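What follows draws every value from the coordinates through simple rules; no lab data is involved. Worth saying up front: this structure is predicted, and the values here are computed from it rather than measured. Cβ sites come from the backbone with ideal geometry, for glycine too, and all protein chains shown count toward neighbours.
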Amino acid sequence: MRLKGLEPSTPRLGTLCSIQTELQALKHSFLKSAFILKLMIVKLLGAIDLIVGFMFIIISFGVDINNTWIIVGAVLIGVKGLFILTKNLVSLIDLIAAGILLLSMVVDIPRAILLIIGFFTLQKGFLSFL
C-alpha cells in the first residue's frame, strides 16, 4: 500500500502522482524552454555582430557598400548596444561601432580603425556561436 502525503493524488497518464511532482515537471519544462530561448537570442545577436564585422572589413578594403545597408547595420548594432546596455565595455563598443559605421559614409575612417573594430566585432560574433 502506498503512503499518502498531505496533498491529494492527481491523475497523470493513467497513474496517480502528487501535485508537487507535476509542478516540478512544469518548472523543469519552463526552465528548459527559457534556456533554449536565451541561446537563440545570443545566436541572433552574434549574427548581427558577424554581419557588421564583415561590413567593417569590406569597407576597410575600399569596397563601396550601399548607404542603406550601412545604415541598417549601424542601427542593428546600435540598438543591440542600447538594448543590452548593462554598463559593460562590449555594449559601449557596439555603440561606438555604430557611430563609426555611420561616419564611414561621409568621412574616410583610417583603415586600421576599421580593421580593429571589424575583427573585434567578428570575434564577438564567432564566440556567440560556440
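When only residues in segment 108-130 that are assigned to a helix (DSSP H, G or I) and under 14 Å from the mean Cα position of the chain (by Cα) count, which is surrounded by the fewest Cβ atoms within 10 Å (Cβ to Cβ)?
Initial filter on segment 108-130 (assigned to a helix (DSSP H, G or I)): 111-128.
Applying the additional criterion that residues be under 14 Å from the mean Cα position of the chain (by Cα) yields 121-128.
Numbers: THR121: 25, LEU122: 18, GLN123: 13, LYS124: 20, GLY125: 20, PHE126: 13, LEU127: 11, SER128: 18.
Per the stated criteria, the residue is LEU127.
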Pairs needed: first member in segment 52-72, free of Cβ contacts under 8 Å to residues at least 12 places away in the same chain; second member anywhere, assigned to a helix (DSSP H, G or I); C-beta distance under 8 Å; at least 6 residues apart or different chains.
ILE65/MET55; ILE65/ILE58; ILE65/ILE59
Within segment 90-107, work out how many residues are buried (at least 16 other Cβ atoms within 10 Å of the Cβ) and assigned to a loop (DSSP other than H, G, I, E, B).
1
Let me confirm something: among ILE70, ILE59, ILE77, ILE48, which residue is buried (at least 17 other Cβ atoms within 10 Å of the Cβ), in contact with an Asp or Glu (Cβ under 7 Å, 6 or more places away or on another chain) and not acidic (Asp, Glu)?
ILE77
